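A short write-up of the structure that comes next.
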Amino acid sequence: MSENNSKYNNLTIGERIKDAITPLYNYKKHTDGKKGSKTGSAVDLGKCDDQLCVMDFDIKKDLSDEKITEIRNQIIENLPSNIGLVKTAHGGLHVYLDRDGYPLKNNSQIKIIKTENFNVNIFAHIDENQRLVVLPKSAYRPQ
């Protein structure tokens, strides 16, 4: 593990994101202020330490519920035990983990892994652009 990362070893994911949670309004991920009804929350990775990243496993939505569960369980079985897991609204997974200095080009690495049943995106704090990751119990519509 890198020296950079050692200061985060004793912190939970919750402790690492607590000051980076931002509200969502009117089912939108990005808004121009606190207008309308609050519909959820997201983590602004730009306000988190630069070693935290989120792997987003998007399981294909056209699969049966049983197949989605099977794929999700297979993914979980292959992950280390010291990570944070969140089941997404569509049955996929957000995996919170350290990048441990692994170089990423920008905040969003989209479909860096493509399989027959799922794709993987990686979100991180690499540059100053905002990068929101929607939290559980939030409702939003992709824009």
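The values are calculated or read from the model by the stated rules, or taken from the named source; none is laboratory data. Bear in mind that the values here come from a model prediction, so they are computed numbers and not experimental data. Glycine also receives a Cβ, built like all others from the backbone with ideal geometry; neighbour counts cover every protein chain displayed.
Would you kindly identify the strands (runs of 3 or more DSSP E) lying entirely within the range 74-143 that contain at least 3 residues that are under 18 Å from residue 8 (Cα atoms) and either among the acidic types (Asp, Glu) or touching a residue at least 24 places away in the same chain (Cβ under 8 Å) (or both)?
Here the list reads 93-98.
Among (1) at negative phi; (2) at pLDDT below 95; (3) more than 15 Å from the chain's Cα centre (by Cα); (4) polar (S, T, N, Q), where does residue 26 come up short?
Single failed check for residue 26: (1).
Quick one: residue 48 ticks every box in (1) under 18 Å from residue 124 (Cβ atoms); (2) modelled with pLDDT of 95 or more; (3) touching a helix residue (DSSP H, G or I) at 6+ places or on another chain (Cβ under 6 Å) bar one, so which box is it?
Unmet for residue 48, out of (1) under 18 Å from residue 124 (Cβ atoms); (2) modelled with pLDDT of 95 or more; (3) touching a helix residue (DSSP H, G or I) at 6+ places or on another chain (Cβ under 6 Å): (2).
Residues in the range 64-95 that are over 14 Å from the mean Cα position of the chain (by Cα) and surrounded by 16 or more Cβ atoms within 10 Å (Cβ to Cβ): how many?
Qualifying residue count for the region: 4.
Which residue out of 79, 63 is of a type in the set (A, V, I, L, M) and at pLDDT 95 or above?
Selected residue: 63, the only one of 79, 63 that is of a type in the set (A, V, I, L, M) and at pLDDT 95 or above.
Quick test for you: out of 86, 133, 120, 95, pick the one residue that is in contact with a His (Cβ under 6 Å, 6 or more places away or on another chain) and either closer than 27 Å to residue 19 by Cβ or not polar (S, T, N, Q) (or both).
86
Output the residues belonging to the range 55-73 that are outside any loop (DSSP other than H, G, I, E, B) and in contact with a Gly (Cβ under 9 Å, 6 or more places away or on another chain).
56, 57, 58, 59, 65, 68, 69, 71, 72
Out of the residues in the range 87-143 that are basic (Lys, Arg) and on the phi < 0 side of the Ramachandran plot, which is modelled with the lowest pLDDT?
Among those that are basic (Lys, Arg) and on the phi < 0 side of the Ramachandran plot, it is 141.
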